[in-house]
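One structure is given here, and the rest of the page talks about it.
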Amino acid sequence: MYVIKKTGFEIRDSGFSESARRCASRRALRELRSQQGFTLIEMMAVLVLIGVVMAIVGGQVFKNFQSAQYKAGVAQVHSLEMKVQAYVLDNGTPPQTLNDLITRPGNASNWNGPYGKPADLKDPFGHQFLYKSPGDHGDFDITFLGKDGAAGGDALNKDTGNWE
């Protein structure tokens, strides 16, 4: 007695010849083989769909990451401003350059630094902050030039200063 439950065929010895049983058995095996897995087209369709989703999600994640870097640069301007103010409290005048926050300048008699780390002097995009003392908007100006590192621009390239 032959029983193949998955395809629904049931072949018994009674009433069937040997060739009929073989034919039914081959048909049942063919059906089993045809139902085993995915075709190449189905797999390709799934891969294309995954690629499209990753492109959309990945692009949005990258845009959000750059926006976060820009916001970190704006926050870093205000952090540098506080470090310069600490320098002013100790020495009476703003530093000539931002490097004076890291290494003691010759004219700073009450220098109690370092007031920051060398990494504090670069924005999240790897550019130097602009520093001017005396500044156009106060005793000193610190300017973050945005993603492009050049003056002017809008969106992620917009310049931001400590006076804003």
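Going by the conditions given, is Y70 hydroxyl-bearing (S, T, Y), assigned by TED's automatic domain parsing to the domain that holds N157 and outside any helix (DSSP H, G or I)? So Y70 does not fit the description; no. Checked against (1) assigned to a loop (DSSP other than H, G, I, E, B); (2) buried (at least 18 other Cβ atoms within 10 Å of the Cβ), T143 passes all but a single condition, namely (1). Considering segment 38-64 alone, what residues qualify as being surrounded by 11 or more Cβ atoms within 10 Å (Cβ to Cβ) and under 30 Å from G116 (Cα atoms)? Once the filter is applied, which keeps residues that are surrounded by 11 or more Cβ atoms within 10 Å (Cβ to Cβ) and under 30 Å from G116 (Cα atoms), segment 38-64 yields only K63.
Put simply, of K122, K117, K132 the only residue that is modelled with pLDDT of 90 or more, loosely packed, with under 13 Cβ neighbours inside 10 Å and assigned by TED's automatic domain parsing to the domain that holds K63 is K117. On the stretch given as segment 39-84, residues that are touching a residue at least 12 places away in the same chain (Cβ under 8 Å), over 20 Å from Y131 (Cα atoms) and small (G, A, S) total 1. The set of residues in segment 83-96 that are of a type outside the set (D, E) and either surrounded by 12 or more Cβ atoms within 10 Å (Cβ to Cβ) or in contact with a His (Cβ under 7 Å, 6 or more places away or on another chain) (or both) comprises K83, V84, Q85, A86, Y87, V88, N91, T93, P94, P95, Q96.
The values are calculated or read from the model by the stated rules, or taken from the named source; none is laboratory data. This is a predicted model, so every value here is computed, not measured. Because the Cβ atoms are built from the backbone with ideal geometry, glycine has one as well, and the counts that use them run over all protein chains shown.
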